[in-house]
Amino acid sequence: MFLRHAVPCKIQAESADGVLFVGVKKIKGIQHTLTAWESEAHMRKYLYSGAHMRALKVFRKIATGKTFGFVSKTLPTFDQAHEIWKEQGREY
């Protein structure tokens with residue numbers, strides 16, 4: 001069920017208006033997504049539409065975890081983003 005939502009979300013993100021980067025990586029058994037956007041408005045448009053919105057509606061049934069978004073002038077590495085996520089992420 002997770003992949004049924006994750007794959008369309010990744011495809012949607014890769015073609016979304018304003019996307020700069022989409023990456024997926026498994027770290028210590030947990031699937032992580034790192035995206036970068038031209039603006040917060042572009043990110044929010046993606047978050048609350050299409051496949052991603054459908055996934056949000058069933059998230060608690062198919063996954064657990066934290067989320068964290070932040071503004072940066074440079075794209076962090078997955079390791080840097082993972083450390084920030086561990087320290088500052090909020091349970092979804």
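Just so you know, all these numbers are worked out from the coordinates, no wet-lab data involved. For clarity, every value in this text was computed on a predicted model and none was experimentally measured. Note that each Cβ is placed from the backbone with ideal geometry, even for glycine, and that neighbours are counted across all protein chains shown.
Go through segment 70-82 and give me each residue that's under 12 Å from G23 (Cβ atoms) and surrounded by 12 or more Cβ atoms within 10 Å (Cβ to Cβ).
L75, P76, F78, A81, H82
Would segment 55-69 turn up any residue that is assigned to a loop (DSSP other than H, G, I, E, B), of a type in the set (F, W, Y), loosely packed, with under 12 Cβ neighbours inside 10 Å and under 13 Å from the mean Cα position of the chain (by Cα)?
Residues of segment 55-69 that are assigned to a loop (DSSP other than H, G, I, E, B), as a first pass: 63-65, 68-69.
Still in the running and of a type in the set (F, W, Y): 68.
Still in the list and also loosely packed, with under 12 Cβ neighbours inside 10 Å: none.
No, the conditions are met nowhere in segment 55-69.
Need pairs with beta-carbon distance below 8 Å; first residue among the aromatic types (F, W, Y) and within segment 37-54, second assigned to a helix (DSSP H, G or I); sequence gap 6+ or separate chains.
Listed pairs, sorted by first residue: W37/M43; W37/Y46; Y46/Q12; Y46/A13; Y46/H52; Y48/L56.
Could you list all residues from segment 8-33 that are of a type in the set (A, V, I, L, M, F, W, C), over 14 Å from V71 (Cβ atoms) and not in a loop (DSSP other than H, G, I, E, B)? If you could, list the steps in order and put the result at the bottom.
Going residue by residue through segment 8-33, those that are of a type in the set (A, V, I, L, M, F, W, C) are 9, 11, 13, 16, 19-22, 24, 27, 30.
This time we only want the ones that are over 14 Å from V71 (Cβ atoms), so: 9, 11, 13, 16, 19, 21-22, 24, 27, 30.
Of everything in segment 8-33, those that are of a type in the set (A, V, I, L, M, F, W, C), over 14 Å from V71 (Cβ atoms) and not in a loop (DSSP other than H, G, I, E, B) turn out to be C9, I11, A13, V19, F21, V22, V24, I27, I30.
Report, by residue number, each residue of segment 4-16 that is out of contact with any Phe, Trp or Tyr (no Cβ under 8 Å at 6 or more places or on another chain), farther than 13 Å from V58 by Cβ and of a type outside the set (K, R). Don't jump to the end; show me each part of the working.
Going residue by residue through segment 4-16, those that are out of contact with any Phe, Trp or Tyr (no Cβ under 8 Å at 6 or more places or on another chain) are 4-11, 14-15.
With the extra rule that they be farther than 13 Å from V58 by Cβ, the set shrinks to 7, 10-11, 14-15.
Scanning segment 4-16 gives V7, I11, E14, S15.
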